[in-house]
1. Given H placed 1.01 Å from N in the peptide plane, which residues other than close sequence neighbours of C:Ala223 have an amide H under 5 Å from its amide H?
2. So what are the radius of gyration and Dmax for the Cα set of chain C, in Å?
3. Scan chain C and report its longest stretch carrying no trypsin sites (Lys or Arg not before Pro) that are both in a DSSP loop and have at most 10 other Cβ atoms within 10 Å.
4. State the answer as a single residue: which of B:Trp137, B:Gly164, B:Leu52 lies farthest towards the positive end of the charge dipole of region B:49-193, with beta carbon charges of +1 for Lys and Arg and -1 for Asp and Glu, about the Cα centre.
5. Which residue, C:Asn158, C:Tyr210, C:Phe200, has the largest displacement toward the positive end of the dipole of region C:124-221 when charges sit on each Cβ (Lys, Arg +1; Asp, Glu -1)?
6. Starting with the fewest neighbours, write out A:Leu58, B:Leu36 ranked by other beta-carbon atoms found within 10 Å of each beta-carbon.
7. By counting other Cβ atoms within 10 Å of each Cβ, how are C:Leu179, A:Leu238, C:Leu187 ranked from fewest to most?
8. Using a basic spin-label model with each label point 7 Å from the Cα along Cα→Cβ, how many nm lie between C:Ala240 and C:Tyr27?
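What follows is calculated from the coordinates using simple rules that are stated; it is not laboratory data. As the structure is a prediction and not an experimental result, all values here were calculated from the model. Counting neighbours? That spans all protein chains shown, and the Cβs are built from the backbone with ideal geometry, glycine included.
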Amino acid sequence: MHHLSRITFIVLALVLTMGICSAQAKDEIRVSGQPCLHGLPTWWAIEDGWTKDKNIDLTYTLFPSGAPQVEALAADQWDVGAMGTVPTMMAILRYGAKLIAISNDESETNDLWVRPDSPILKTKGFNPKYPEIYGKPEDWKGKKILVTTVSTVHYALDATLKALGLTEKDVEVVNIEQGQAVTAFASSQGDVVCLWAPFSYTAESKGWKKVSSGARSGAMIPGGVVVRKDFAEKHPDLVVEWLDLYMTALDRMRTDKAGSGVWLNKYFAGYCGLQLPESAIKSEFELRPIFSVEQQVKALTAPDEASAWMKGVADFFAGQGRITKADMADLEKSNFGIDASFMKKVQEKRAAKK
Amino acid sequence: MSTAHASALEAPATSRVKGYWKEYNSSVFSLLVFLLIWELVCRLGFISRFQLVPPSEVIVVMIEKFWTAPPDGATLFTHIAASMTLALVGFCAAVVVGVPLGLLMGWYKPVMVLVRPLFDAVRPIPPIAWIPLAILWLGIGIEAKAFIIWLAAFVPCVINSYIGIKLTNPVLIRVARIYGASNWETFIKIGVPSAVPMIFTGLKLSLNAAWTTLVAAELLAASEGLGYMIQMGRRLARPDIIIVGMLTIGFTGALMSYVLTKIESRIASSRRL
Amino acid sequence: MTNQQLSENYHRGKEVKVSVTDLTKKYDDLLVLNDISFNIYKGEFLCIVGPTGCGKTTFLNCLSRFIPTTRGDILVDGQPADPTHHDMAFVFQEVSTIPWLSVEDNIRFGLKVKRRPPDEVERRTEQMLELVGLKKFRSYFPRQLSASMEQRVVIARNFALNPDILLMDEPYGQLDLKLRYYLEDELIRIWQEIGCTVLFITHNIEEAVYLAQRVLVLGQKPATIKEEIIVDLPRPRNFADPAFVKIRDHVTDAIRWW
């Protein structure tokens, strides 16, 4: 009897130790994201068990918006994550984060909307260089515009006004958060409302009409994928591992829109508590171009792509006095935090596998 | 036998001033110690540079903000003026509605029975939760934001006025009634004046509530104001701006409370015990 | 003269100010006041004495219409007593100065509630300030005054109305002896000056005999008027005077007998 129990004890202890050891053998990568298209990849990877046979362990934390996500980065709460262009820029500028990929091209889903009876809809393509923008300058002058300032959609608004030869001084800008903006516009407040996905899909369902966007006004808005400075320096291999998974998801989102749509819906409705109609899910894939690994490497290295896009946004902020001249110089010096090395390694890894 | 017993109101002037100075000096001293510790903690690296900005930098930014607009688009003066206007509008509306309501509730049972259930239901709802409804009913201008502030500020007005009038000395009520005063006249001549000290306590609490709800109210939609400035500081990852905003809110709030206390001592000086 | 003759002489030819008939007060089953009937004459100083807890305060509350009577009539000048039509005044046991009003505003208070014309209000206020000797303290507030000064303010406020009836409920109970003697003299002086009708309730027999023209003795619950004693002594009265002592003892006996 005693022998049996002793043996059982030893066996159990061994199993437990092995378990702990194997658990410790897995490297942990803390990922952050938002209830947004670019938050899908990591959540998908975790849910679908993509790391089962790998030696990395992913944890995912959801943030309602960019500001708390950046604050958490400053407090070393996460290692890699996807964010909008503005928080990406802040993370790079203030905390030395690195921009290692473009999550998606959000230029078309940072858009401006009016109600069906707006006079702006009467004209289209006033400026032939921007044929998809509605309204004559007189139609836009003096209008009350609801916009979340210091954001990508503010950048899109600025580009739209420039295309019509106007400045912010010609209109009345009201700073308001996205959720409030939809409520306010629905209550007949304001003449134009500036939204980004998924709020822009609500606009569509309410019968509002799109009159401009980042894409239509020549403002390129790249979503950023970012790594914490320390983590990049200490665990570059882990960054590459995770980036590979992220790109796997992006590839599927690019090539299998229908299948990915199912997963996006699960992410939004099941995890984020966000209900979107079918049409909105479809639009997410149709309106937001996603880059392949090759396209990523090109974008991150070519001087007229990622660098230029980030510069456009930075110039806008510098022009409004949101960042100082010193900040601007810092950004240019670091090439806007762009680091293509990790994407290149992913490229090599995939080439080697073939 | 008829010697007057007028009590000595205050201690001799010199010792009073000395005492005041001592108090003032110790407050200033403790404040300076606090700032020193804060500065050292940052400079010596106990807390990462990213998480806390030293007071020396904050003060520089604060002074700059007094006349420069970037990065939030307006000077500190503009923000203070905008926020103060908003808070005072909400506060005054709260006083105008809350104080008479509390007094009437405390004096007339039918009013109490009618209003109490509604009041108890509305009271625990945080003002921030009203933002969507405020937008629907009042738009996105100062009316809607003042409404959010009003919701926070009117509760102390009602409660303190109610308690104040409930504590009316019953003997004084009888004094008025025996002279033939009606219930209404007794309410006005005895109940209301009797509640004044409590009303003032309520006003101070109310002003405090109005001021602390400022940030929430400006979340509704704002292009100016201290809450707006803090929001911008957040979006631009500028904790120094955030701290400047917070300190300004704290300082301005304290200033307004001081002014209110001074007004109280003018009006209610006869009751200072 | 016998007590009987004294009594008859007293009541002859006097004008009735307040007439109380069959006053009864019952709280559920507890009978507190039982069929009390008596008259108060115009300008009279009447004291009611009785053992503690016999219902003196209930009695006063009924008279001042603060609580309703179970049965009985209280008439002032032939009409049912009503604070809005008659000028009634009450001096409570507790201090009843209005804390947020100055001395002179306190005195004005009753006159203002009664809507007296402004010149009358001022005239009477000045008169009372002079009478109670508080002219120097007219703009002081009650918290700055001593307890006895406060009571003088209350007296002044009430006498200023020259009320149909001034009810006083043990007003000097809280004060020390010296002060009490002083205020009693004050009270008599002012009453003689103004000449209004006073009903003074006390459990202090000496005080009652010192102040009253007539003393009514109230019995234990259920209270009735046990005896009426005329105090026909000249003023100022002397506690040591044998005549005073005789009446005092008479009253004491009347109370003790139950």
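1. C:Leu33, C:Asn34
2. 18.2, 53
3. Details: sites that count: C:Arg12, C:Arg115.
Maximal segment without exposed cleavage sites: C:116-258.
4. Positive-end residue among those listed: B:Gly164.
5. Sorting the options by dipole projection puts first C:Asn158.
6. Values: A:Leu58 21, B:Leu36 11.
Least crowded to most crowded, the residues run B:Leu36, A:Leu58.
7. On the way: C:Leu179 16, A:Leu238 19, C:Leu187 24.
With the sparsest Cβ surroundings first, the list reads C:Leu179, A:Leu238, C:Leu187.
8. Between C:Ala240 and C:Tyr27, the simple spin-label model gives 4.4 nm.
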